[in-house]
1. Could you sort 63-72, 230-239 so that the peptide with the highest average Cβ count within 10 Å comes first and the rest follow in order?
2. Ranking 159, 194 by Cβ neighbours within 10 Å, fewest first, what do you get?
3. Suppose R0 equals 25 Å. What FRET efficiency, 1/(1 + (r/R0)^6) with r the Cβ-Cβ distance, do residue 266 and residue 315 give to the nearest 0.05?
4. Would you work out which of 126, 242, 263 lies farthest towards the positive end of the dipole of the stretch 58-314? Charges go on Cβ: Lys and Arg +1, Asp and Glu -1.
5. Beta carbons within 10 angstrom, averaged per residue: use that to sort the peptides 299-309, 164-174, 111-121, highest first.
6. Separation between the residue 251 and residue 296 pseudo-spin-labels, each 7 Å from Cα along Cα→Cβ, expressed in nm?
7. Hey, what D do you get for the stretch 58-314 in µm²/s if you plug the Kirkwood alpha-carbon radius into Stokes-Einstein at 20 °C and 1.002 mPa s?
8. Kindly write out, for the stretch 245-260 in residue order, the coupling ³J(HN,Hα) from the Karplus curve 6.51 cos²θ - 1.76 cosθ + 1.60 (θ = phi - 60°), rounded to whole Hz, with x marking Gly and Pro.
Amino acid sequence: MARRPRDPLRRARGLRCLERPFPAVLAWPNGRPPRWTDTTHPPMENEPVTNGRPPQGNQAATARIVALSNQKGGVGKTTSAVNLAALLAARDYRVLLIDIDPQGNATSSLGVEKDELATTIYDVLIGDVPVRDAILPNVRPGLDLLPATPILAGAEVELVERPARERVLAHACAPIEDAYDAILIDCPPSLGLLTVNALTAAQFVIIPIQCEFLALEGLSQLITTITLVKQHLNPDLEILGTLMTMYDARTRLSPQVVEEVRNIFHERHFATVIPRSIRLAEAPSYGQNIIEYDPASKGSHAYDAVTNEVIHRLRLRSPGADDGAATHSKSKETATHG
Ligand SMILES: Nc1ncnc2c1ncn2[C@@H]1O[C@H](COP(=O)(O)OP(=O)(O)OP(=O)(O)O)[C@@H](O)[C@H]1O
Ligand SMILES: [Mg+2]
C-alpha cells in the first residue's frame with residue numbers, strides 16, 4: 001500500500017520546485033531559473049503601489065491593468081475576474097474585462113452568446129483589428145468586454161510568427177487605456193503565449209489559488225514566468241496578491257493551504273478568502289455575476305471584500321473624485337480596505 005506523506009503540503013514548501021523545467025516561450029538568462037525576490041518584500045506601509053506610474057492624487061489618466069493568472073485549471077480565475085469586474089463597475093469605476101482564454105468562459109459567464117460574435121480578441125491579436133472594434137460596450141453598466149471564442153486557440157500558434165509576439169496585446173490596448181479605470185484580463189490555464197501577452201500588457205497579477213491538495217504545485221512555474229516577463233518584457237509587473245478560492249471551513253486542508261500561501265507571499269496575500277459556494281458556481285449558468293444572482297450570499301460578500309482590497313492596493317481613486325484625472329463616473333462612496 002502506498003504510504004501517505006505525513007504532511008501533504010511538504011513537497012511544495014519553500015518553492016523548491018523552482019528548479020523544474022520551464023516552458024520554451026522564454027529562455028532563462030544564463031540557462032538558469034531566476035530567483036523570485038519581490039514576493040518576500042511587500043510594499044512598506046504607506047508606500048504607494050504604482051508600478052512606476054504617478055501615485056494617487058495626481059496619477060495619470062490611465063487604467064490599472066490586472067491579469068488573473070494561474071496555469072492550474074479550475075482554480076477560480078474566471079469567477080474572480082468576472083465578479084471583480086462586475087463589483088468594480090457597480091461602484092462606478094469604468095471597467096474593461098478582457099477574455100484571453102479560448103474557452104471563452106468569462107464571455108459566456110456574462111451571458112454573451114459566443115456564436116453571435118462577429119469580432120473578438122482573436123481578430124485584435126491576429127487580424128490587427130483595432131481593439132475598439134472588438135469591444136462589446138456596456139455588457140453591464142460601466143463594464144465593457146473584449147470577448148473570446150474557441151477560435152482564439154489558433155492564436156497561440158499563429159502569434160509565434162509575429163514580430164514582438166509577446167507584446168501584441170499590450171500594443172493593442174495602448175489606445176484604450178485612458179478610457180478605463182481598471183482593465184482585468186482573464187488568462188487561460190497555461191503559460192503559453194496568450195498568458196505571456198496578458199502578463200506583458202498588465203501592471204499587476206492576481207493569482208487565484210484553490211484551497212486544495214496540490215494547490216501549490218506549479219506555483220513556482222508561474223512565479224518563474226512572472227519573473228521572466230518582468231525581467232525581459234515588462235519591468236512594471238508586480239504581484240497584486242494571491243487570492244484563496246473555494247475555501248471549505250469543514251476541512252482541515254483549507255486553512256493549512258491558506259497558511260502555506262500566506263507564509264510565502266506575506267502581505268501580498270489577500271486577507272479575504274473566497275468560500276466554496278454553490279451560488280458562485282450556479283451564477284454563470286444564468287449568465288449572471290454573483291451580485292445579480294444572489295447579492296446576499298457569502299460568495300457575494302467575499303468578492304465585495306476582495307474588491308475593497310483590490311481598490312486599496314491599486315490606489316484607485318473614488319469614482320467622481322474631480323482632480324482632472326481619469327474617472328468620469330458619478331460619485332458613489334467607495335469602500336477601501338483599512
Ligand atoms: N468559490 C467557489 N465555490 C464554488 N464553486 C466555484 C467557486 N469558484 C469557482 N467555482 C466553480 O469552479 C469551476 C472553476 O472555476 P473557474 O472557471 O472560475 O476557474 P478557472 O481557473 O477560470 O478555470 P480554467 O482554468 O478552466 O479557466 C467553475 O465551475 C466555477 O463555477
Ligand atoms: Mg477560466
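1. Details: 63-72: 25.3, 230-239: 17.5.
Highest to lowest by the protection proxy: 63-72, 230-239.
2. The most exposed by this proxy come first: 159, 194.
3. Plugging the Cβ-Cβ distance into 1/(1 + (r/R0)^6) gives 0.80.
4. Going by the Cα projections, it comes out as 263.
5. In descending order of packing, they fall as 299-309, 164-174, 111-121.
6. For the pair residue 251/residue 296, the computed spacing is 2.9 nm.
7. It diffuses with D of about 118 µm²/s by this estimate.
8. 10, 6, 5, 10, 5, 7, 9, 7, 5, 4, x, 4, 5, 4, 5, 4
Bear in mind that the values in this text are calculations on the coordinates, not laboratory data. Because the structure is a prediction, the values reported are computed rather than measured. Glycine gets a Cβ as well: all are built from the backbone with ideal geometry, and neighbour counts include every protein chain shown.
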